[in-house]
Amino acid sequence: MSKPNKHIEEYLKWYISKKCETPHFAVLINGDWGSGKTWFIEKFMKAADNDSPLAKDEPNESRFIYISLNGLGTTDDIDEQFFKQLHPDLNSKGAEIVGKIIRVGLRLGLSLKDSDLKISDYINYQKKLRDKILVFDDLERCNIETGKVLGYINSFVEHDSQKVIIVANDDEIESDLKENANKQIPRYHRIKEKVIGKTFKIESDIQTVIDSLIKENAKKSKKKLSENKELLIEIFETVKNKAGKNPANYRAFSHAIRDFDYLWEKLDKKYREHKKLMEEFLSIFVRLGYELQLGLIKEKDIRNINAAQEAKVVDSVVDHLNRGKDEEEPKENKYEAIGDFLEHHNIRTFNILLPDKLWANILCETNIVPDEIYESFDNSKHLEDENRPDWVRLWHLGDLEDEEDEKLTGSVFEKLTQHQYTEPGEIFHTYGILLRKERYGFKLPEEIDTPKKIEKHATEYIDHLYKKNRLPKQGKTAKKHLAGSYGGLVYAYNESPYLENIKAYFLRKSREKMCALEKESVAKLLNYMVTDPREFYGLIASYDHNISSTDPCYWNVPIFHNIKPEEFFDAYKKTPNANKRLVSDAFKERYKLIRRLTFKADCREFSNELYFMRELLELIKGALAEAKDFTQSTWHLHDFKNNGLEFAIKMLEEFIAPEKPETDGEA
């Protein structure tokens, strides 16, 4: 079987050779969106340059000038592109006036004295330009009238006897002119017949192109990508059929391949060798990455994949239940873009291997944390494990047989009844799964067969953990589980207001437990201030403080009302002078951080800290009044008062709305 487009290559080789001296016509390479015409001409130019006798002496000098007409608005814009490619060393001022002199020449008396251009530069420019083969791409996306552009190109072909190749979707140009009932159609046809002497239609050669893209863009993952070449072709064709006037293209596809290759090297061999897992991972990665490059989806769409899937299934269930009833008004679809993506790529299950937030981090920010990826891999359907928790198996709802589903639901409910789940993420997952099953119409035990019953069951469960002192004591650990996923899996029915209520109740009870700071914890915190002020700073003023630490994190918990101002001041005085500034900075940063990240209405309990701060301020003022000499310790005490304590008081007074004073009822 002959290679597609081989005849075009052979003709172009003859056209640019010395055998074809002065053709006085241009060659048009015509092709549909995504046919690979730009890729074809780029490969042809590269091969022609490599075969040129000049390649050894001037390896960086191309025989071609390639101009993309996409978005250009005037012929001066095209002239400037020529000039910049031929004279990149000349300044921008020269580039600005080149459009006025190149085509009309010095004979019209245009002056060069106000620029850095010299006559020798102009002559050299003209010579260089005549020696080049001109390639004009994206004709259909040029903002200049098509007939006018062709007239401009004709000056090179007819008057300068240059060889010109035009790359365009000619069918699209014709279609647009007809749709707009454009009077320029006859003129366009006349100029086209005058300029173009040969037209070729590119035949899409996706097999060869994909091989080439893998070879050029994949170093470490070449073998895996080559094994899945048919999958890559299917993805490209799917997007091509979807894209419409937003063209699928090989350049964007090569970016997706290159990004996958970058990630592949970072994955552990254990996972790379799992055939089914990696096929699914590659499939989702390239689909998302390719459409992201094309602008068909955006980062916000990727971050809403699971919400879109959930909404779609819920809508289908509701439609089924309401069949035969009066139709409701259509609802606004805020997930249209990502819903369209899921539909076209036939992604219908809830398991997209990674949480959508993790996909967004990888694809949009290139923020790759292998352990987070492995956590999702381990809990995927591809790595079945006999010791896998029941809730994980139940999360993969669509993969279960009827009897298995019923058995796992019963097992999970029994574990909840016995209060066996203590990890916040497991609790949210379990109740999320039950809410999802209820929404879809699955049969559940009577105690949890409505959303309100499920929420009530969950709050009673959390109350039990609270009473048994089994809630997590680390503020950040408690909060991080609220983000939307745990164990590499997104919470089932994460958009449910009932699950939101459960998570909010959990955080509130967790905060309540932490607010009641025990005597032992107070002593430990004050000891850190004396012996390790950086740890003290981290505990009270850093959102990102050492999440693996066994110490609680108090940045958003009002704990100072548990501490006697006198005890705190005694500990402060024992702190080495070299570390006291860090204590002052900790107070300042603590309330700046709370103000940035917390809603006022949620933190009225911080008013208790205001009383502590004011009493501590009076102690410090008294100590400063009694100081006879100004020493280093006195200086640090002034600094703590002015820059730490008074700033904290000011923030709290602004941050916390004052309580309405009681009245005796008189006007």
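The values are calculated or read from the model by the stated rules, or taken from the named source; none is laboratory data. Please read these numbers as outputs of a predicted model, since none were measured by experiment. Cβ: placed from backbone, ideal geometry, glycine included. Neighbour counts: every protein chain shown. We work out accessible area using only protein heavy atoms, side chains counted, and drop any ligands, DNA or RNA first. Shrake-Rupley method; radii C 1.70, N 1.55, O 1.52, S 1.80 Å.
Consider a paramagnetic label point 7 Å from the Cα of T634 along Cα→Cβ; state which residues of segment 567-584 have an amide N under 20 Å from it.
Within reach of a label on T634: 570, 572-581.
For segment 345-466, which whole percent of the accessible surface, found with a 1.4 angstrom probe, sits on carbon and sulfur atoms?
43
Can you figure out the FRET efficiency of E145 with D77, using R₀ = 22 Å and their beta-carbon distance, to the nearest 0.05?
Using R0 = 22 Å, I get an efficiency of 0.95.
Collect residues whose amide H, placed 1.01 Å from N in the peptide plane, falls under 5 Å from the amide H of I133; neighbours closer than 5 in sequence don't count.
Excluding prolines and chain starts, which carry no amide H, the hits are F64, I65.
Length gain on complete extension for the stretch K215 to E265, per 0.36 nm per residue less the alpha carbon to alpha carbon distance?
Fully extending the segment from K215 to E265 adds 16.4 nm.
Multiply the residue gap between T208 and E646 by 0.36 nm, knock off their C-alpha separation, and tell me the result in nm, one decimal place.
Result: 150.6 nm gained on full extension.
Under 5 Å between amide hydrogens, which residues at least 5 positions from S485 or on another chain qualify, with H placed 1.01 Å from N in the peptide plane?
HN-HN under 5 Å from S485: Y491.
Report, in listed order, any pair from K43/K201; K13/K222; K43/K178; K503/K641; K524/K588; K43/K127 with a Cα-Cα distance greater than 28 Å.
K13/K222; K43/K178; K503/K641
Quote to one decimal, in nm, the extra length available between H561 and E618 on full extension: 0.36 nm per residue of separation minus the C-alpha distance between them.
18.9 nm
Mind checking the per residue accessible area of segment 176-233 for me, 1.4 Å probe, whole number of Å²?
Here the residues of segment 176-233 average 61 Å² of exposed surface.
Around K275, with a cut-off of 11 angstrom between Cβ atoms, what is the net charge of the other residues, counting Lys and Arg +1 and Asp and Glu -1?
-1
For labels at H159 and N387 in the simple 7 Å Cα→Cβ model, what's the distance in nm?
8.2
Please give me the summed charge of the neighbours of E227: other residues whose Cβ is under 9 Å from its Cβ, Lys and Arg +1, Asp and Glu -1.
+3
Would you grab the residues whose amide H sits under 5 Å from the one on S68? Only those 5+ places off in sequence or on another chain, please, with H modelled 1.01 Å from N.
D137
Tell me the net charge near I373. Cut-off is 11 Å between Cβ atoms, I373 excluded, with +1 for each Lys or Arg and -1 for each Asp or Glu.
So the environment of I373 carries a net charge of -4.
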